[in-house]
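S.K.: Once you've had a glance at the structure underneath, I'll fire off some questions.
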Amino acid sequence: MTQAGLNKILKQHQLWLNTDGEEGKKADLRNADLRVADLRYVNLRGLDLEGADLRDADLRVADLKGANLRYSDLTNVNLEGANLRGADLRYVNLRYVNLRGVDLEGTGVYFFKGPGHHGIYNSKDDKLYIGCQVHSLDYWLENYVYIGKKHRYTDEQIETYGNWIKSLKELK
């Protein structure tokens, strides 16, 4: 999809939002190819983006409150400052995503800035991303020391990540 075509759809969606559905049209971007899309500061509230390919998109300060992002690919997406409150993030690829300053309330996603890499845990599909590694929480609990040593983390870094992983288990 071209940026111009996307902007046309989003203009109609914004009108739909502003008029409580009286005018415009609610956007349906399920399975859309939105790679490298510029969606900075855009109101995407309640949008259906299930299965969308958003790799390398810029969603800084976008409003995605209540959006359906199930099965979407958010690899390398910049979400800094975005509102994802109540968004459905089940089975979303969160590899290399920037979640700095993101409102994740009600999503089941937890973000941790660690010494060297950040960690992202999606409790709804039990995926924990640390660096380039993605495993279930139980796998991490059993193997974080081995993984840390294999990747030349210091004992202090391994302990920090281990404490965060253990705290996630307590939340579960």
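Computed from the coordinates by the stated procedures, all read-outs in this text should not be read as laboratory data. What you see is a predicted model; the values in this text were computed from it and never measured. Heads up, the Cβs are rebuilt from the backbone with ideal geometry, glycines too, and the neighbour counts pull from every protein chain shown.
S.K.: Return the calculated 222 nm mean residue ellipticity for the chain, to the nearest 500 deg cm²/dmol, obtained by summing -39500 (n - 2.57) across DSSP H runs with n ≥ 4 and dividing by the residue count. Mind dumping the intermediate values first?
M.R.: Details: 3 runs with 47 residues, N = 172.
So the helix-based figure for the chain works out to -9000 deg cm²/dmol.
S.K.: Let me ask something else. Can you run phi through the Karplus equation (6.51, -1.76, 1.60; θ = phi - 60°) for the stretch 103-113 and list ³J(HN,Hα) in whole Hz, with x for Gly and Pro?
M.R.: Couplings: 7, 10, 4, x, 9, x, 10, 10, 10, 9, 8 Hz.
S.K.: On a 28 Å Cα-Cα criterion, which of the cross-link pairs Lys11/Lys127; Lys11/Lys65; Lys26/Lys113 come out too long? Intermediate values should be presented prior to the final figure.
M.R.: Values: Lys11/Lys127 35 Å; Lys11/Lys65 18 Å; Lys26/Lys113 36 Å.
Listed pairs above 28 Å: Lys11/Lys127; Lys26/Lys113.
S.K.: Give me the angle, in degrees from 0 to 90, between the Cα long axis of helix 3-18 and the longest principal axis of the Cα atoms of the chain, rounded to the nearest 10.
M.R.: Between helix and principal axis, roughly 80 degrees.
S.K.: Show which aspartates and glutamates lie in cross-link reach of Lys124 when reach means a straight Cα distance below 19 angstrom and same-chain residues fewer than eight apart are skipped.
M.R.: Once the sequence-local aspartates and glutamates are set aside, what remains near Lys124 is Asp48, Glu50, Asp73, Asp88, Asp103, Glu105, Asp138, Glu170.
S.K.: Quick check: net charge around Gly51, other residues with Cβ under 10 Å of its Cβ, Lys/Arg +1 and Asp/Glu -1?
M.R.: On the way: positive: Arg30, Arg70; negative: Asp48, Glu50, Asp53, Asp73.
Around Gly51, the surrounding residues sum to -2.
S.K.: What share of Cα pairs, in percent, lie more than 15 angstrom apart in the stretch 14-96?
M.R.: Details: 1858 of 3403 pairs.
Tail of P(r) above 15 Å: 55 percent of Cα pairs.
S.K.: If R0 is 41 Å, what FRET efficiency do you get for Val145 and Tyr71 from their C-beta distance, rounded to 0.05? Display every interim value, and only then the final one.
M.R.: Working: r = 33 Å, r/R0 = 0.80.
The calculated FRET efficiency here is 0.80.
S.K.: How large, in Å, is the stretch 109-172 by the Kirkwood hydrodynamic radius built from its alpha-carbon pairs? Spell out each step's value before the answer.
M.R.: Numbers: mean 1/r = 0.0871 Å⁻¹.
Value: 11.5 Å, from the Cα pair sum.
S.K.: Have a look at Leu171, His135, Leu89 and report the one farthest towards the positive end of the charge dipole of the chain, computed about the Cα centre with Cβ charges (Lys/Arg +1, Asp/Glu -1).
M.R.: His135
S.K.: For Rg and Dmax of the Cα atoms in Å, the choices are (i) 18.6, 58; (ii) 17.5, 59; (iii) 14.9, 49; which was calculated from the structure?
M.R.: Working out Rg and Dmax of the Cα atoms in Å from the coordinates points to (ii).
S.K.: Just grab the label-to-label distance for Thr19 and Ala4, each label 7 Å out from Cα along the Cβ direction, in nm (one decimal).
M.R.: My value for the distance between the label points is 2.5 nm.
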